[in-house]
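Heads up, the thing below is written out as structure tokens.
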Amino acid sequence: MEGESGVGKGVLSYFLHNNSLRYNKPFIKINCGAIPENLLESELFGYEKGSFTGANKDGKVGLIQLADKGTLFLDEIGELPLNLQVKLLNVIQNKELTKVGGTTTIPIDIRIIAATNRNLQDMVKNKAFREDLYYRLKVVPITIPPLRERKEDIPPLILNFLNRFNEKYNYNKKISPEAMKILLSYNWSGNIREIENLIERLVVTTNDDIINRQDIIDCQLVSIGDYSNFDINKISSYKNIIAEYERKLLLDIMSQCKSTYEMGEILDLDRSTIRKKFKRLNIKLEFKED
């Protein structure tokens, strides 16, 4: 499962588990990049008693064994060290594992869902990821596009999180059409996770039952458009950086509006100011009434 951070890989993996024949069995998630490398092996595979200094006297059952008969979701699989990639490959191929410090094999029946925001093909070419493990994992590849490429998903996601946090904090807040329009214009570089965090903040911090346009502005949601791919080698000054960002922002908003009036509502600018900005940045207005 491939996609940028926050696109919903974890949510989809849990959905797949719940809609499979293993739905009533364990669903175990582990983030391979969140656990220190020196602890990751024992967390995944477990260990026998007395395996190392500080080990639990009774040993430990690893996450792979806990997922037996169910699903193991390995998030950020690209962070898995090469030596553990070998051990994971053995689990997939032979359906068995050996604990750290152990000699006996333990039979395992699990389904593995792996996710990454990295390019594993490039990692394979650079010898940073095992080719045999890559093809073992890539049986049914799924690519989840970023939210900016599926904007039709934004309104239901916003309403879903709004309902969730209304219930959590015992509110009954709604979002005004003007506020929703601004949210639809935003680039959401943090994807679903960013929407979730923003809606929770709005539910908690706004005073009225209606989340309005000003509430969105107060959250400093200003990163409309994608400025992450600027070529810094082609930009000569701070002034040019700001101009280039402003240009991208205006073009992005214009593509989603039908008039300068609509643009002004989103940007809190009057129509004459918008026209002046377009003229200064040498952008052609696409609206017939202008």
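Assorted remarks:
Condition check ((1) part of a loop (DSSP other than H, G, I, E, B); (2) buried (at least 18 other Cβ atoms within 10 Å of the Cβ)) across all residues:
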position	(1), (2)
56	yes, no
64	no, yes
69	yes, no
86	no, no
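- Only listed residue being at pLDDT 80 or above, more than 27 Å from residue 152 (Cβ to Cβ) and surrounded by 13 or more Cβ atoms within 10 Å (Cβ to Cβ), chosen from 281, 183: 281
- Filtered by the rule that a residue be on the phi < 0 side of the Ramachandran plot, touching a residue at least 60 places away in the same chain (Cβ under 8 Å) and part of a helix (DSSP H, G or I), region 187-203 gives 192, 193, 194.
- For region 147-168, the criterion of being surrounded by fewer than 17 Cβ atoms within 10 Å (Cβ to Cβ), more than 21 Å from the chain's Cα centre (by Cα), farther than 25 Å from residue 118 by Cα and not acidic (Asp, Glu) is satisfied by at least one residue.
- For region 16-54, the set of residues classified as touching a residue at least 40 places away in the same chain (Cβ under 8 Å), aromatic (Phe, Trp, Tyr) and in a loop (DSSP other than H, G, I, E, B) consists of 52 only.
- Evaluation of residue 263 against (1) surrounded by 15 or more Cβ atoms within 10 Å (Cβ to Cβ); (2) over 14 Å from residue 181 (Cβ atoms) (one fails), failing number: (2)
The values are calculated or read from the model by the stated rules, or taken from the named source; none is laboratory data. Here the structure is a predicted model, which is why all the values come from computation and not from measurement. Please note: Cβ atoms are built from the backbone with ideal geometry, for glycine as well, and neighbour counts cover all protein chains shown.
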